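Undergrad: Could you have a look at this structure, given as structure tokens, before my questions?
The values are calculated or read from the model by the stated rules, or taken from the named source; none is laboratory data. Only a predicted model underlies this, so the values are computations on that prediction, with no experimental measurement involved. Heads up, the Cβs are rebuilt from the backbone with ideal geometry, glycines too, and the neighbour counts pull from every protein chain shown.
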Amino acid sequence: MKKCIPMLFILLFFSTDWSHAYGSEMNSKPNDNQNETFPSTTIYQTEQLIIKFDRETTYNVKESILQSIQAKELQTIQNGNFTLISLHEGMDRQEAITSLKKWDEVEAVEPNYKVRTSYIPTDSGYSKQWYAKKINMDTAWDLTKGSPDIKVAVIDAGIQATHPELKDHIIMPFNAVTGSNKTLPSNDHGTHVAGIIGASLNGKGIAGIAPNIKIIPVNVFSENEADIFTIIDGIDYAVKSGADIINLSLTMEDYTEVLDYSIQSAWKKGILIVAAAGNEDTKTEQYPAALDHVLGVSATTKQDKKADFSNYGTSIDLAAPGLDIYSTVPWNSYDVMSGTSMAAPVVSGVSALVLSKNPFLTPAEVADILQTSSKDLGVMGRDDFYGYGRVDAYNALTHTPAPLSKLTTSSQTLIEDGTNSLSLSFKAKKGTSISVFIHDANNKPIRKLVTNKKSDGQVFSTKWDGKLDNGSYAPSGKVKVTVKISSKKHSVSKSTYVTVKDEVTPGLAFGKKSLIYSPAVGKQVKIPFFLNKSAVVTAFIVDRNKQKIDTLSKSKTFKGGDNSLIWDGENTSNKQVKDGTYSLVISLADVNKRMGKEESFTIMVDSKAPNATLENSGTTFNMTGTSSIRTKIKIKEAAVSSTSIIDSKGVTVKKLATKQPYQKGNHTVAWNGRVTNNAFAKEGNYRFQVKLADESGNTRTIKGNPFTVVDKRK
């Protein structure tokens with residue numbers, strides 16, 4: 001492996017042909033030499049190694065591997081895939097690495113490299129934010145100032161989270177050095193980087209490139225040094241915290257597989273990685289900028305020239321202002337700094353604006369937009385000094401497609417008459433989930449037209465017939481038609497207003513034609529009905545002679561949808577009505593006095609319990625094991641019957657039939673002498689017992705004549 005002299009820096013890395021940034025044709029990993037010794041100039045934690053285990057490696061196997069070199073496990077991340085170990089005192093580092101690599105379960109072993117910040121301070125005075133105009137921020141902000149839904153993780157040396165420019169944008173801070181989300185150090189470098197990306201646009205101090213987005217600050221430095229394990233821990237935290245972009249203003253000369261793995265894992269989860277190219281004015285590849293799927297960023301001057309300090313080479317995908325950059329620093333202050341560490345957050349900020357306009361873009365799509373829209377510098381096309389050009393915020397946004405097209409409706413007015421419908425069409429980004437809602441004047445959802453339907457990227461069309469979720473028609477007035485598209489992390493909505501003109505004739509429907517009601521069972525009867533729209537309802541009860549005997553509603557307004565009326569079975573004199581047939585008559589009209597058809601519903605009042613007689617087949621049951629005794633049930637009206645055998649004390653010993661529907665007439669039930677546990681009954685006296693229930697809920701229990709069981713079994 002190469003020697004590692006890490007330097008903290010942030011550079012964005014994307015390439016138009018993606019052979020470096022997103023392709024598999026080129027690999028920045030050097031050839032692995034298991035016998036290679038790490039040079040003495042390499043900076044790392046001398047007694048610490050990072051092991052990348054195979055995902056299938058069990059805990060016991062890991063323990064055995066570590067015990068083989070008397071090593072101690074300090075920490076694991078990436079679901080246990082990476083393990084930080086401390087070597088036994090006196091253990092030779094190279095000997096330990098060689099020994100570990102002999103295990104099939106060990107995919108890689110590396111020192112825990114240290115990393116330091118690498119920016120160039122300047123005393124040249126305040127040049128303010130010359131870079132903002134250079135990348136056309138004044139016109140870009142007319143299009144968007146960013147969305148709080150977009151999160152940029154600044155993996156750096158900590159920031160002043162209470163800075164007036166940053167305090168309203170900080171979410172989920174994390175100190176990877178201490179493992180705490182409460183104590184975040186205040187550092188010049190990290191605070192400066194964060195300000196470039198997202199300082200508030202509040203008329204004071206400075207304006208961040210994406211002033212409305214959120215920043216996830218992750219500290220990975222202890223003073224001016226960081227190690228690789230802590231950095232990948234910070235990346236892992238950013239991924240789990242929902243970051244859309246990770247800004248890495250840090251660099252190192254040596255390739256490290258564990259960092260590469262962490263970067264690729266984040267990219268596969270849809271996170272854009274931006275990294276600084278480094279400040280040594282060399283074409284030597286620096287990491288993580290030189291890794292696949294990373295946007296590597298070089299630094300430019302006010303004259304759009306490469307900054308003298310900026311690194312260059314094949315890893316450069318974009319250029320951005322990096323000299324004399326004015327931004328936030330601790331103690332609520334501001335200062336000028338220079339470096340590719342400052343250029344990288346410029347690209348991260350512009351990327352955040354692009355994602356604010358279209359949060360469903362993949363990292364590759366964002367990179368392509370940035371490169372296509374950049375200002376070409378140097379030789380035509382891509383070059384090693386500027387990549388595909390210096391980033392341009394306004395051009396990037398104009399090249400960013402909207403995730404959701406304009407909503408087109410067949411009309412601005414829906415005339416409801418029971419036959420018309422409103423057509424709605426639009427285009428949504430492929431792969432997003434589409435939902436379409438109708439909201440009333442109070443912004444309350446009243447109809448779900450579409451729920452979580454996957455977009456194929458083509459024109460999507462749906463219709464609304466004016467009905468609400470409850471099946472009734474919407475009243476006249478304005479409604480809002482809203483289309484929402486979403487992914488696991490983001491959502492975007494668009495709305496348009498439509499005027500509803502109600503010309504539907506009010507209508508009523510009963511769920512069934514009639515019901516039977518027993519005042520002896522229930523004090524009230526509930527009569528459900530459905531209104532096709534809100535209407536004024538008058539309802540009364542009439543007897544079979546059409547005489548009105550009770551009023552249930554007098555010009556009362558009911559909302560459209562499912563409704564009900566309650567009748568207590570009494571007349572206007574508060575006396576219980578006699579058993580018989582009655583009718584509920586309903587008339588209705590809407591707010592425009594449009595009359596609906598009068599409807600009626602039959603209510604049969606029946607307060608008498610069903611009755612029956614039981615006739616046994618004998619007074620003695622000679623139980624042989626194959627014989628049975630029967631009873632004839634003579635039912636005088638249709639009922640549900642439950643038949644059982646009871647002993648002389650009235651205890652049920654066997655259920656013969658449960659809730660058996662019987663029509664009026666004769667029915668026979670037999671008993672073979674067996675009881676509930678399937679044993680034969682003891683000798684003694686028993687009875688058939690029948691429980692009857694009619695449709696209105698009236699019940700009666702009838703006991704038959706006793707009979708004697710005589711055990712005749714051999």
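Undergrad: All but one of (1) touching a Ser or Thr at 6+ places or on another chain (Cβ under 7 Å); (2) part of a strand (DSSP E or B) hold for I446; state the number of the condition that does not hold.
TA: (1)
Undergrad: Turning to a different aspect of this structure: Could you list all residues from segment 488-531 that are within 30 Å of A402 (Cα to Cα) and charged (D, E, K, R)?
TA: Scanning segment 488-531 gives K488, K489, K494.
Undergrad: Could I ask something else about it? When you look at D590, is it surrounded by 19 or more Cβ atoms within 10 Å (Cβ to Cβ), in contact with a strand residue (DSSP E or B) (Cβ under 7 Å, 6 or more places away or on another chain) and modelled with pLDDT of 95 or more, yes or no?
TA: Criteria not met by D590.
Undergrad: Name every residue in segment 166-178 that is of a type outside the set (A, V, I, L, M), in a loop (DSSP other than H, G, I, E, B) and within 14 Å of A226 (Cα to Cα), in order of residue number.
TA: T178
Undergrad: Among the listed residues I273, I316, which satisfies the condition of being touching a His at 6+ places or on another chain (Cβ under 9 Å) and modelled with pLDDT of 95 or more?
TA: None of the others qualify; the one that does is I273.
Undergrad: Surrounded by 15 or more Cβ atoms within 10 Å (Cβ to Cβ) and either over 30 Å from G580 (Cβ atoms) or touching a Pro at 6+ places or on another chain (Cβ under 6 Å) (or both): does that describe I635? Show your work before the answer.
TA: Values: surrounded by 15 or more Cβ atoms within 10 Å (Cβ to Cβ): yes; either over 30 Å from G580 (Cβ atoms) or touching a Pro at 6+ places or on another chain (Cβ under 6 Å) (or both): no.
For I635, the condition - surrounded by 15 or more Cβ atoms within 10 Å (Cβ to Cβ) and either over 30 Å from G580 (Cβ atoms) or touching a Pro at 6+ places or on another chain (Cβ under 6 Å) (or both) - is not met.
Undergrad: With the structure loaded, tell me whether A509 is surrounded by 14 or more Cβ atoms within 10 Å (Cβ to Cβ), small (G, A, S) and not in a loop (DSSP other than H, G, I, E, B) or whether it fails that test.
TA: Taking the combined requirement at face value, the residue does not satisfy it.
Undergrad: Is one or more of the residues making up segment 467-478 of a type in the set (K, R) and within 26 Å of the chain's Cα centre (by Cα)?
TA: Scanning segment 467-478 turns up no residue that is of a type in the set (K, R) and within 26 Å of the chain's Cα centre (by Cα).
Undergrad: Return only the number of the condition from (1) under 27 Å from A210 (Cβ atoms); (2) of a type in the set (V, I, T); (3) modelled with pLDDT under 95 that T408 does not satisfy.
TA: The single condition T408 does not satisfy is (1).
Undergrad: Every residue in segment 166-185 that is closer than 10 Å to N219 by Cβ, touching a residue at least 24 places away in the same chain (Cβ under 8 Å) and not hydrophobic (A, V, I, L, M, F, W, C), please.
TA: P173, N175, P185
Undergrad: Does N698 satisfy being loosely packed, with under 15 Cβ neighbours inside 10 Å and either at negative phi or at pLDDT below 95 (or both)? Before you say what the answer is, go through the steps one by one.
TA: On the way: loosely packed, with under 15 Cβ neighbours inside 10 Å: no; either at negative phi or at pLDDT below 95 (or both): yes.
Taking the combined requirement at face value, the residue does not satisfy it.
Undergrad: Among S486, S518, S514, which is the only one that is crowded, with 16+ Cβ neighbours inside 10 Å and either free of Cβ contacts under 8 Å to residues at least 24 places away in the same chain or within 23 Å of S696 (Cβ to Cβ) (or both)?
TA: Every option except S518 fails the conditions.
Undergrad: Would you confirm whether or not segment 366-378 contains a residue that is in the same structural domain as S310 (by TED's automatic domain parsing), surrounded by fewer than 17 Cβ atoms within 10 Å (Cβ to Cβ) and of a type outside the set (G, A, S)?
TA: Yes, segment 366-378 has at least one match.
Undergrad: Check whether at least one residue in segment 61-78 is assigned to a strand (DSSP E or B), of a type in the set (D, E, K, R), surrounded by fewer than 16 Cβ atoms within 10 Å (Cβ to Cβ) and assigned by TED's automatic domain parsing to the domain that holds T256, and report yes or no. So that I can check it myself, show each step before the final result.
TA: If we filter segment 61-78 for residues that are assigned to a strand (DSSP E or B), which is where we start, we get 72-77.
Narrowing further to those that are of a type in the set (D, E, K, R): 72-73.
Those left that are additionally surrounded by fewer than 16 Cβ atoms within 10 Å (Cβ to Cβ): 72-73.
Narrowing further to those that are assigned by TED's automatic domain parsing to the domain that holds T256: 72-73.
Scanning segment 61-78 turns up at least one residue that is assigned to a strand (DSSP E or B), of a type in the set (D, E, K, R), surrounded by fewer than 16 Cβ atoms within 10 Å (Cβ to Cβ) and assigned by TED's automatic domain parsing to the domain that holds T256.
Undergrad: Answer yes or no: is there a residue in segment 37-46 that is modelled with pLDDT of 80 or more, out of contact with any Asp or Glu (no Cβ under 9 Å at 6 or more places or on another chain) and not in a loop (DSSP other than H, G, I, E, B).
TA: The answer is no; no qualifying residue exists.
Undergrad: Can you confirm whether K494 is without any contact (Cβ under 8 Å) to a residue 12 or more places away in the chain, farther than 28 Å from D606 by Cβ and not aromatic (F, W, Y)? Walk me through it before giving the result.
TA: Details: without any contact (Cβ under 8 Å) to a residue 12 or more places away in the chain: no; farther than 28 Å from D606 by Cβ: yes; not aromatic (F, W, Y): yes.
Against the criterion (without any contact (Cβ under 8 Å) to a residue 12 or more places away in the chain, farther than 28 Å from D606 by Cβ and not aromatic (F, W, Y)), K494 does not qualify.
Undergrad: Which one is farthest from R687 (Cα to Cα) among residues in segment 597-625 that are in a loop (DSSP other than H, G, I, E, B) and without any contact (Cβ under 8 Å) to a residue 24 or more places away in the chain?
TA: E598
Undergrad: I want to confirm something. Restricting to segment 390-409 and keeping residues that are of a type outside the set (A, V, I, L, M, F, W, C) and part of a loop (DSSP other than H, G, I, E, B), which single residue is surrounded by the fewest Cβ atoms within 10 Å (Cβ to Cβ)? So that I can check it myself, show each step before the final result.
TA: Here is the first cut: in segment 390-409, the ones of a type outside the set (A, V, I, L, M, F, W, C) are 390, 392, 394-395, 398-401, 403, 405-406, 408-409.
Right, trim to part of a loop (DSSP other than H, G, I, E, B) and you get 392, 399-401, 403, 405-406.
Values: D392: 22, H399: 16, T400: 22, P401: 14, P403: 21, S405: 16, K406: 10.
So, considering only residues that are of a type outside the set (A, V, I, L, M, F, W, C) and part of a loop (DSSP other than H, G, I, E, B), the one surrounded by the fewest Cβ atoms within 10 Å (Cβ to Cβ) is K406.
Undergrad: Out of segment 378-393, which residues are touching a Phe, Trp or Tyr at 6+ places or on another chain (Cβ under 9 Å), of a type in the set (A, V, I, L, M, F, W, C) and at pLDDT 95 or above?
TA: F385, A393
Undergrad: A further question on this structure: Please work out if L515 is at pLDDT 95 or above, farther than 21 Å from Y473 by Cβ and part of a strand (DSSP E or B).
TA: Details: at pLDDT 95 or above: no; farther than 21 Å from Y473 by Cβ: yes; part of a strand (DSSP E or B): yes.
The answer is no for L515.
Undergrad: Mind listing whichever residues of segment 299-337 are more than 39 Å from the chain's Cα centre (by Cα), among the charged types (D, E, K, R) and within 19 Å of A277 (Cα to Cα)?
TA: K302, D304, K305, K306, D308, D324
Undergrad: Now for a separate question. Starting from residues that are more than 48 Å from the chain's Cα centre (by Cα) and buried (at least 16 other Cβ atoms within 10 Å of the Cβ), keep the ones in segment 521-542 and report whichever is farthest from Q576 (Cα to Cα).
TA: Among those residues, the one meeting the criterion is F540.
Listed here are the residues, each with its yes/no results for (1) in contact with a Leu (Cβ under 7 Å, 6 or more places away or on another chain); (2) within 27 Å of H490 (Cα to Cα); (3) surrounded by 13 or more Cβ atoms within 10 Å (Cβ to Cβ); (4) in the same structural domain as K484 (by TED's automatic domain parsing).
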{"position": "I415", "(1), (2), (3), (4)": "no, no, yes, yes"}
{"position": "N420", "(1), (2), (3), (4)": "yes, no, yes, yes"}
{"position": "K427", "(1), (2), (3), (4)": "no, yes, yes, yes"}
{"position": "G431", "(1), (2), (3), (4)": "no, yes, yes, yes"}
{"position": "V436", "(1), (2), (3), (4)": "yes, yes, yes, yes"}
{"position": "N452", "(1), (2), (3), (4)": "no, yes, no, yes"}
{"position": "F460", "(1), (2), (3), (4)": "no, yes, yes, yes"}
{"position": "D465", "(1), (2), (3), (4)": "no, no, yes, yes"}
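Undergrad: Something else now. Look through segment 324-336, keep the residues that are in a loop (DSSP other than H, G, I, E, B) and in contact with a helix residue (DSSP H, G or I) (Cβ under 8 Å, 6 or more places away or on another chain), and return whichever of them is modelled with the lowest pLDDT.
TA: Step by step, filter segment 324-336, then rank; the result is D324.
Undergrad: Report yes if D236 is surrounded by fewer than 24 Cβ atoms within 10 Å (Cβ to Cβ), charged (D, E, K, R) and at pLDDT 95 or above, otherwise no.
TA: The answer is yes for D236.
Undergrad: How many residues are assigned to a loop (DSSP other than H, G, I, E, B), under 21 Å from K608 (Cβ atoms) and among the hydrophobic types (A, V, I, L, M, F, W, C) when one looks only at segment 638-682?
TA: Selection size over segment 638-682: 1.
Undergrad: Which residue out of L295, L272, L250, L291 is buried (at least 23 other Cβ atoms within 10 Å of the Cβ), over 20 Å from V354 (Cβ atoms) and in contact with a strand residue (DSSP E or B) (Cβ under 7 Å, 6 or more places away or on another chain)?
TA: L250 is the lone residue from the list that is buried (at least 23 other Cβ atoms within 10 Å of the Cβ), over 20 Å from V354 (Cβ atoms) and in contact with a strand residue (DSSP E or B) (Cβ under 7 Å, 6 or more places away or on another chain).
Undergrad: Could you list all residues from segment 337-365 that are assigned to a helix (DSSP H, G or I), of a type outside the set (D, E) and surrounded by fewer than 24 Cβ atoms within 10 Å (Cβ to Cβ)?
TA: Matches in segment 337-365: S356, K357, A364.
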